[in-house]
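J.: What follows is a single structure, and I will ask about it in a moment.
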Amino acid sequence: MREALRKKLVSADAAAALVRSGDWVDYGAALGQPDLFDAALARRKDELRGVRIRACLSMAPRAVLEADPTGEHFLWFNWHFSGIERAPERSGRCSYIPMNFGEAPDYYRRFVDPIDVVCIKTTPMDSHGFFNFGGAVANTRAITERAERLVVETCEAMPYVYGSQAAVHIDEVDAVIDGGEGSLPELKNPPVSEADRKVSELITPLVEDGSCLQIGIGGMPNAVCAALRDAGVRDLGIHTEMFVDGMVDLVEAGVVTGARKTTDPGQTVFTFAAGSRRTYDFIDRNARVQSHPVDYTNAPETIRRNDRVVSINNTTQIDLQGQVASESDGHRHLTGTGGQLQFVRGAYASREGKSFICLSSTWEKRGERRSRVVSTLTPGNVVTTPRTDVMYVVTEYGIVNLKAKSIAERARALIDLAHPDFREGLAREARELGLVPRAFW
């Protein structure tokens with residue numbers, strides 16, 4: 001194995017030299033995106049035209065984007081935006097690819113043409129010849145299967161995870177960049193607001209012993225984790241898309257045991273990790289943690305097999321019919337569909353399952369306070385979760401279950417969840433639009 005590795009070791013510049021003008025290049029997702037290769041490819045900017053790079057959820061600035069402000073040399077395609085992609089999209093250098101994240105492996109296997117060059121970040125090769133995908137299992141195995149030329153950039157800082165489809169063998173790899181000790185981007189936890197705390201206080205009484213959690217990203221989910229730690233609930237499980245710092249707290253506090261899970265009992269299951277170094281150290285060679293491909297973790301039919309699944313996700317806007325828009329601001333793309341819709345559906349299909357869509361009642365734009373509860377979505381806003389799928393909606397002003405409610409009942413209930421300053425205007429608009437006929441008031 002070591003001899004095979006020695007023969008495939010190359011510099012980052014030599015690996016980047018594999019890329020030709022017009023090629024498709026894939027960087028993988030989150031912690032799996034390469035750094036040394038990215039920098040080397042950016043240095044070749046003037047030699048290249050029309051290189052198309054595909055990635056997902058960038059957690060660190062990308063050298064190719066910074067090196068090419070016009071998009072003449074590199075075009076960026078992304079399955080899920082972070083803040084890094086937003087400016088390039090506005091300048092016409094980046095385009096979002098819509099998808100439910102759980103379908104990503106199938107997209108690569110069925111709809112993506114063979115990829116000219118794939119470069120992903122992995123652990124160093126183990127004694128059996130495998131490069132582990134660490135905190136970015138997600139759809140990485142499917143990406144490697146489509147590579148015409150596969151490069152791995154090793155990083156000693158990458159955690160080694162157990163699970164299925166979590167590695168690629170040296171025999172499948174064309175070139176290896178030794179990244180040495182390296183480093184991983186860390187995700188800062190946003191501060192928990194008063195609205196976050198109030199939302200968490202409304203959710204936690206509905207989480208029962210033995211519930212199985214999926215929790216998204218942001219201050220609100222972190223507040224829920226903190227509240228659950230002290231709520232007296234027991235034997236929780238975790239089956240989630242993203243593993244975050246708050247989940248480490250629940251496991252270490254003994255609140256999460258996984259003892260009542262139907263699938264992977266006793267195991268904390270996720271598809272990618274994004275958090276602090278503490279999270280990465282926690283998942284490293286942890287026998288009670290498993291990372292599986294995203295078409296397993298996010299498939300509603302997998303999610304539903306556990307009882308009392310609790311799915312907690314954020315949104316940015318909801319209209320009075322219950323349509324949830326979580327990924328754009330009009331035609332300006334912000335994030336992505338991710339796993340929200342699949343976990344909403346999987347949680348509902350679970351025995352005694354619950355899904356929660358959380359939002360603060362207001363936000364500010366250019367110093368003006370605006371309502372997140374609206375009569376009509378912002379023109380161009382993308383519906384992430386249809387009204388027919390939405391179950392619980394929570395703001396700091398209350399919680400409502402929209403299942404089995406008419407349009408008129410939904411509108412009245414959601415108006416009550418809005419900030420008091422906007423309720424009168426929303427009620428007037430609801431009447432004008434015919435959402436709540438006079439007889440229903």
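The values are calculated or read from the model by the stated rules, or taken from the named source; none is laboratory data. Computed from a predicted structure; not experimentally measured. Backbone-built Cβ (ideal geometry, glycine too); neighbour counts: all protein chains shown.
J.: From the residues in region 63-77 that are more than 18 Å from PRO185 (Cα to Cα) and touching a helix residue (DSSP H, G or I) at 6+ places or on another chain (Cβ under 7 Å), which one is surrounded by the most Cβ atoms within 10 Å (Cβ to Cβ)?
T.: In this case the residue turns out to be PHE74.
J.: Against the definition (free of Cβ contacts under 8 Å to residues at least 40 places away in the same chain and outside the structural domain of TYR280 (by TED's automatic domain parsing)), how does PRO98 come out, yes or no?
T.: Taking the combined requirement at face value, the residue does not satisfy it.
J.: Which of (1) farther than 20 Å from GLY102 by Cβ; (2) over 22 Å from the mean Cα position of the chain (by Cα); (3) not acidic (Asp, Glu) does LYS261 not meet, given it meets every other one?
T.: With respect to (1) farther than 20 Å from GLY102 by Cβ; (2) over 22 Å from the mean Cα position of the chain (by Cα); (3) not acidic (Asp, Glu), LYS261 is out only on (1).
J.: So, in region 63-75, how many residues would count as being in a strand (DSSP E or B) and either β-branched (Val, Ile, Thr) or under 15 Å from ALA12 (Cβ atoms) (or both)? Show your work before the answer.
T.: Initial filter on region 63-75 (in a strand (DSSP E or B)): 74-75.
From what's left, either β-branched (Val, Ile, Thr) or under 15 Å from ALA12 (Cβ atoms) (or both): none.
Total satisfying the criteria: 0.
J.: With assigned by TED's automatic domain parsing to the domain that holds TYR392 and among the aliphatic types (A, V, I, L, M) as the only criterion, which of ALA166, ALA147, ALA226 stands out?
T.: None of the other options fit; the residue is ALA226.
J.: Checking the condition modelled with pLDDT of 95 or more, among the charged types (D, E, K, R) and in the same structural domain as PRO265 (by TED's automatic domain parsing), which residue from ASP171, ASP116, ASP209 passes?
T.: After ruling out the rest, the residue left standing is ASP209.
J.: Please tell me if THR122 is in contact with a Leu (Cβ under 9 Å, 6 or more places away or on another chain), over 30 Å from THR385 (Cβ atoms) and not hydrophobic (A, V, I, L, M, F, W, C).
T.: In short, no.
J.: Pull up region 6-62, narrow it to residues that are touching a helix residue (DSSP H, G or I) at 6+ places or on another chain (Cβ under 7 Å), of a type in the set (A, V, I, L, M) and in a helix (DSSP H, G or I), then point me to the one that is nearest to ALA175 (Cα to Cα).
T.: So, considering only residues that are touching a helix residue (DSSP H, G or I) at 6+ places or on another chain (Cβ under 7 Å), of a type in the set (A, V, I, L, M) and in a helix (DSSP H, G or I), the one nearest to ALA175 (Cα to Cα) is ALA15.
J.: Identify all residues within region 207-246 that are under 20 Å from THR262 (Cα atoms) and either in a loop (DSSP other than H, G, I, E, B) or among the small types (Gly, Ala, Ser) (or both); write none if there are none.
T.: VAL207, GLU208, ASP209, GLY210, SER211, VAL233, ARG234, ASP235, GLY237, THR240, GLU241, listed by residue number.
J.: Could you pull out the residue among SER355, SER375 that is within 29 Å of the chain's Cα centre (by Cα) and closer than 30 Å to THR297 by Cβ?
T.: The conditions single out SER355.
J.: Quick check on my filter: what residues within region 360-373 are modelled with pLDDT of 95 or more and assigned to a loop (DSSP other than H, G, I, E, B)?
T.: Those that are modelled with pLDDT of 95 or more and assigned to a loop (DSSP other than H, G, I, E, B): SER360, SER361, ARG372.
J.: Just name the residue that is farthest from THR279 (Cα to Cα) out of those in region 106-142 that are in a helix (DSSP H, G or I), within 20 Å of the chain's Cα centre (by Cα) and among the charged types (D, E, K, R).
T.: Among residues in region 106-142 that are in a helix (DSSP H, G or I), within 20 Å of the chain's Cα centre (by Cα) and among the charged types (D, E, K, R), the one farthest from THR279 (Cα to Cα) is ASP106.
J.: Being surrounded by fewer than 23 Cβ atoms within 10 Å (Cβ to Cβ) and touching a Pro at 6+ places or on another chain (Cβ under 6 Å), is that true of even one residue in region 146-153?
T.: yes
J.: Tally up the residues in region 383-406 that are in contact (Cβ under 8 Å) with a residue 60 or more places away in the chain and of a type in the set (A, V, I, L, M), please.
T.: 6
J.: Determine if region 383-394 includes at least one residue that is touching an Asp or Glu at 6+ places or on another chain (Cβ under 7 Å), farther than 16 Å from VAL199 by Cα and in a loop (DSSP other than H, G, I, E, B).
T.: yes
J.: Is there a residue in region 386-398 that is under 25 Å from ARG345 (Cβ atoms), within 29 Å of the chain's Cα centre (by Cα) and surrounded by fewer than 13 Cβ atoms within 10 Å (Cβ to Cβ)?
T.: Within region 386-398, one or more residues are under 25 Å from ARG345 (Cβ atoms), within 29 Å of the chain's Cα centre (by Cα) and surrounded by fewer than 13 Cβ atoms within 10 Å (Cβ to Cβ).
J.: Return the only residue of GLU145, GLU181 being over 27 Å from LEU334 (Cβ atoms), acidic (Asp, Glu) and over 23 Å from the mean Cα position of the chain (by Cα).
T.: After applying the criteria, what remains is GLU181.
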